[in-house]
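In what follows, a single structure is set out as structure tokens and then discussed.
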Amino acid sequence: MIAPVMMQHGKTKSPIRELFEYSLKQAAIVGRENVFDFSIGNPSVPPPRQIAGTIRDLLDDMEPLALHGYTPASGAREAKEAVAADLRRRTGDDIGPDNIFFTCGAAPALIAVIRALAVENAEVILLAPYFSEYPVFASTNGMKPVVVPADTADFQLHADQVEPYITPHTQAVIVNSPNNPSGVVYSRESLEALGEVLTRKSREIGHPIYIIADEPYRELTYDGEDAPYIPAIYPNTVICYSYSKSLSMPGERIGYVCVPNCAADSADLYAAVAGAARTLGHVCAPSLMQRVVSYDTSLRPDMAAYDRNRLRLYMELTELGFRCVKPRGAFYMLMEAPDGDSLGFSERGKEFNILMVPADGFGCPGFVRLCTCVSYDMILRSLPAFHKLAKSYGL
């Protein structure tokens, strides 16, 4: 016998991965330079040069068995201390190494926290638009996903719209800011309002409601925007982080869970995260990358290229008559389908070799997602194709 749910997940490809694979096939037919793939958040900006230097130094100077051998399940002590020190400098919070649990990127971090909170009949609130894998992460790890529809007027977080979805079974709300897929950064005021609602509702139902802060784009902001440190606003917050985006290392799979001391039952919650990671086999994240992080955790991304990309693409597409949501963070942009049919819009884009992900899977039908972390040259080459796409809709 084979588990039918898992079989179905295995057979059902993510629309992002499906388009990415389509781009590879189409490139073999028409040439890579003629395919304009905006489907996947694969940074075109290389990692900071210090990363390569750190890797070389570690390979040259560190004893190989220590460098490549097992670390403790939660991570090497020196790496956890480095991350904690960086968080203390940035936030002023009392974060120590025992608050940090290293994971193989943000996805296992999220799954471990979800599983740690998955009591009987547990529910987790997803704020649309949300990362398309959240419902899978939740439903296969003991949580019922409950979706708050997107406010497509501004794509901000509105606490009064969240409150009706809170029940006695609500264990957590996932907050992803800067947001994938919208590029919106949730304002401090909106987070404060959410914190007030969650504090009140937690008292009413008799147990803490946690915020799971999914923050792989924390450093990727524009126009002076700041992604607030949520535990300082709402103490019952757990942070899930990845270096994939900030340091352009999506294939290296290194991230962490931070359970701050201010979170309710923080020691027990940390133990539950560790237990969840153990049951999933997600322990001892890549040893080499832990050591790299321990030296380079304070590095920040060069935002100039990403900023140029998002401004040029936004300007060109809006001038063509498309409605776009101007990103304030991350490297994604939502564009509204002119006729409201995002699936049809994505398919028509393929006729011009423009690959855009329908946002239906992000809980936001009627829009498509464009990744703006592509090369600037590809954006320029894509503009004639976008002109043709706009003309096909009579824009």
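For the range 70-296, a Kirkwood radius taken over Cα pairs fed into Stokes-Einstein (4 °C, viscosity 1.567 mPa s) yields D = 74 µm²/s.
In this structure, the residue pairs whose Cα-Cα separation is over 25 Å, taken from Lys144/Lys245; Lys326/Lys391; Lys11/Lys144; Lys13/Lys350; Lys245/Lys326, are Lys144/Lys245. Spacing of the modelled spin labels on Asp154 and Arg89, each 7 Å from Cα toward Cβ, amounts to 3.5 nm.
With a Förster radius of 30 Å applied to the C-beta separation of Ala52 and Glu189, the computed FRET efficiency comes to 0.15. Look at Leu110, Leu389 and count the other Cβ atoms within 10 Å of each Cβ; fewest to most, that gives Leu389, Leu110. For the chain, relative contact order (Cα pairs under 8 Å, six or more residues apart, normalised by length) works out to 24 percent.
Once you reduce the range 356-374 and the range 69-93 to the center of their Cα atoms, the two points are 34 Å from each other. If the chain linking Met62 and Arg17 were pulled fully straight, counting 0.36 nm for each residue of separation and taking away their Cα-Cα distance, it would gain 12.5 nm.
Going from the residue with the fewest nearby Cβ atoms within 10 Å to the one with the most, Asp37, Asp86, Asp154 rank Asp154, Asp86, Asp37. Helices in the chain, meaning DSSP H runs of at least 4 residues, each add -39500 (n - 2.57). Divided by all residues, the mean residue ellipticity at 222 nm is -13000 deg cm²/dmol.
Summary of the geometry: the range 300-349 and the range 224-265, compared by the centres of their Cα atoms, lie 26 Å apart.
For Tyr376 and Lys350, what is the calculated FRET efficiency with R₀ set at 22 Å and r taken between the beta-carbons, to the nearest 0.05? With R0 = 22 Å, the Cβ-Cβ based efficiency is 0.45. Structural descriptor for the range 70-296: relative contact order 29 percent, calculated from alpha carbon pairs under 8 angstrom and at least 6 residues apart.
Using 0.36 nm per residue and subtracting the Cα-Cα separation, the extra length available between Asp302 and Val119 on full extension is 61.7 nm. For the range 160-169, the Karplus equation 6.51 cos²θ - 1.76 cosθ + 1.60, evaluated at θ = phi - 60°, returns couplings of 5, 7, 7, 3, x, 8, 7, 10, x, 8 Hz by residue, with Gly and Pro reported as x.
FYI, it's all coordinate maths here, none of it is from the lab. Keep in mind that this is a model prediction, so the values were computed, not measured. Backbone-built Cβ (ideal geometry, glycine too); neighbour counts: all protein chains shown.
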